[in-house]
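The values are calculated or read from the model by the stated rules, or taken from the named source; none is laboratory data. None of these values were measured; they are calculated from a predicted model. Heads up, the Cβs are rebuilt from the backbone with ideal geometry, glycines too, and the neighbour counts pull from every protein chain shown. The area values use the complete protein model at the heavy-atom level, side chains included, leaving out ligands, DNA and RNA. Shrake-Rupley method; radii C 1.70, N 1.55, O 1.52, S 1.80 Å.
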Amino acid sequence: MSEAAPVAPRPPGHPDPLADGERVLLIDRKGRRYLTTLQAGQAYHYHGGAVAYDDIIGRPEGSRVRSAKGTSLLVLRPTAADWTLKGKRGAQVVYPKDQAMIVGLADIGPGAEVVEAGAGSGALTSALLRAVGPSGRVVSFELRDDHADIAERNVTERFGGAPPNWDLRRGDVAEGLAGLSCDRLVLDLLEPDRVVDAALAVLRPGGLLCAYTPTVPQVMRLRGALDADARWGHAETVETLVRGWHVDGLAVRPNHRMVAHTAFLSTARRLADEPD
């Protein structure tokens, strides 16, 4: 039986019933999540038994289905965080907590023109595209072809096709910036400090640079490069820690594990050139 053509992803809470060709999330009683594509006449097989897709297609989101072994699963459309955590990976992904902080700290909203390097597995790219909306633009640089292939696949799948306002460029961002102009520059690179000089010609005065750097030496080199040029100002560095809580009636306590350090986020403003 031929596969159904993929359908444009519908956001959680969309009024349409679940459709053939749609990506959905199956969640078991232990909270384990399985991302799969509905295919009429076929089934999803896992340790809890086969789940017939025909039992899901046509039903509203939030329904429960049973596997051939009687296991109950909840069916939901994936959130942006689910797409990030369950998508195929090449490079390490930027996790939802940092995606949200990057979008917030760099003030990335509808209509923004963003240059990103590197594209990695496309997780942050997708968050940037959602933030800028159809009136904005994202140009992504990725040096490694294998990572670019995965990013292209993940973003295309996430948006149901290649977004018309996305430009994926394979190559070195420091060499490829010439001729570009943007109001936001997002760097997820091993050596973001070496891009600082080239960024000055691309980032419009008042624009923001935001760098994602996992280690302290990276932060030190980046901040040193920014502090050495008066055309950069208002530099700041933060990190985000997320701790979940266990809530069961009157038993309320922090979880034993937390999502602690993933990376430092450094931001700076591009200032106007001083007259000679």
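Quick one: how many residues across the stretch 202-217 are in contact with a Ser or Thr (Cβ under 9 Å, 6 or more places away or on another chain) and of a type outside the set (D, E, K, R)? Explain how you work it out, then say what you get.
Filtering the stretch 202-217 for residues in contact with a Ser or Thr (Cβ under 9 Å, 6 or more places away or on another chain) gives 202-204, 208-214.
Those still in the list that are of a type outside the set (D, E, K, R) too: 202-203, 208-214.
Residues in the stretch 202-217 being in contact with a Ser or Thr (Cβ under 9 Å, 6 or more places away or on another chain) and of a type outside the set (D, E, K, R): 9 in total.
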Identity of the residue in the stretch 226-276, assigned to a strand (DSSP E or B) and without any contact (Cβ under 8 Å) to a residue 24 or more places away in the chain, that ends up farthest from Val94 (Cα to Cα): Ala251
Scan Gly41, Gly31 and give me the residue that is assigned to a loop (DSSP other than H, G, I, E, B) and modelled with pLDDT of 95 or more. Gly41
Can you pull out the residues in the stretch 126-174 that are under 23 Å from Pro110 (Cβ atoms) and aliphatic (A, V, I, L, M)? Ala127, Leu128, Leu129, Ala131, Val132, Val138, Val139, Ala151, Val155, Ala162, Leu168
Could you tell me whether the stretch 163-174 includes any residue that is more than 22 Å from the chain's Cα centre (by Cα), at pLDDT below 95, part of a helix (DSSP H, G or I) and not polar (S, T, N, Q)? yes
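Does Val219 fit the bill of being in a helix (DSSP H, G or I), among the aliphatic types (A, V, I, L, M) and surrounded by 10 or more Cβ atoms within 10 Å (Cβ to Cβ)?
On the way: in a helix (DSSP H, G or I): yes; among the aliphatic types (A, V, I, L, M): yes; surrounded by 10 or more Cβ atoms within 10 Å (Cβ to Cβ): yes.
When the stated conditions are applied, Val219 passes them.
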Do you know which residues across the stretch 45-56 are over 16 Å from Leu74 (Cβ atoms) and part of a loop (DSSP other than H, G, I, E, B)? His47
It is to be established whether one or more residues within the stretch 71-81 are without any contact (Cβ under 8 Å) to a residue 40 or more places away in the chain, within 30 Å of Leu185 (Cα to Cα) and under 16 Å from the mean Cα position of the chain (by Cα). yes
Test for Glu116: is it touching a residue at least 60 places away in the same chain (Cβ under 8 Å) and under 13 Å from the mean Cα position of the chain (by Cα): yes
Filter the stretch 113-154 down to the residues that are open to solvent by 30 Å² or more (accessible area, probe 1.4 Å) and in a strand (DSSP E or B) and list them by number. Glu113, Arg137
What are the pairs with Cβ atoms under 9 angstrom where one residue, in the stretch 206-225, is at positive phi and the other, located anywhere, is β-branched (Val, Ile, Thr) and open to solvent by less than 20 Å² (accessible area, probe 1.4 Å)? Sequence gap at least six, or different chains. none
For Leu209, all conditions in the list (1) over 23 Å from Pro96 (Cβ atoms); (2) open to solvent by less than 30 Å² (accessible area, probe 1.4 Å); (3) of a type outside the set (Gly, Ala, Ser) hold save one; what is the number of the exception? (1)
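Please enumerate the residues belonging to the stretch 96-110 that are of a type outside the set (A, V, I, L, M, F, W, C) and touching a helix residue (DSSP H, G or I) at 6+ places or on another chain (Cβ under 7 Å). Even if it seems obvious, please write down each step before you answer.
Kept after step one, since they are of a type outside the set (A, V, I, L, M, F, W, C), are these residues of the stretch 96-110: 96-99, 104, 107, 109-110.
If the condition is that a residue be of a type outside the set (A, V, I, L, M, F, W, C) and touching a helix residue (DSSP H, G or I) at 6+ places or on another chain (Cβ under 7 Å), then Pro96, Gln99, Gly109, Pro110 are the ones that fit.
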Every residue in the stretch 44-61 that is loosely packed, with under 13 Cβ neighbours inside 10 Å and in contact (Cβ under 8 Å) with a residue 24 or more places away in the chain, please. Pro60
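This table checks each residue for (1) in contact with a Pro (Cβ under 7 Å, 6 or more places away or on another chain); (2) under 16 Å from Gln92 (Cα atoms).
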residue	(1), (2)
Ala112	no, no
Glu116	no, yes
Ala119	no, yes
Ala123	no, yes
Ala127	no, yes
Val139	no, no
Asp149	no, yes
Arg158	yes, no
From the residues in the stretch 87-116 that are at pLDDT below 95 and of a type in the set (Gly, Ala, Ser), which one is nearest to Pro164 (Cα to Cα)? Gly87
Subset tally (residues that are open to solvent by 60 Å² or more (accessible area, probe 1.4 Å) and either more than 22 Å from Phe141 (Cβ to Cβ) or of a type in the set (D, E, K, R) (or both)) for the stretch 80-112: 7
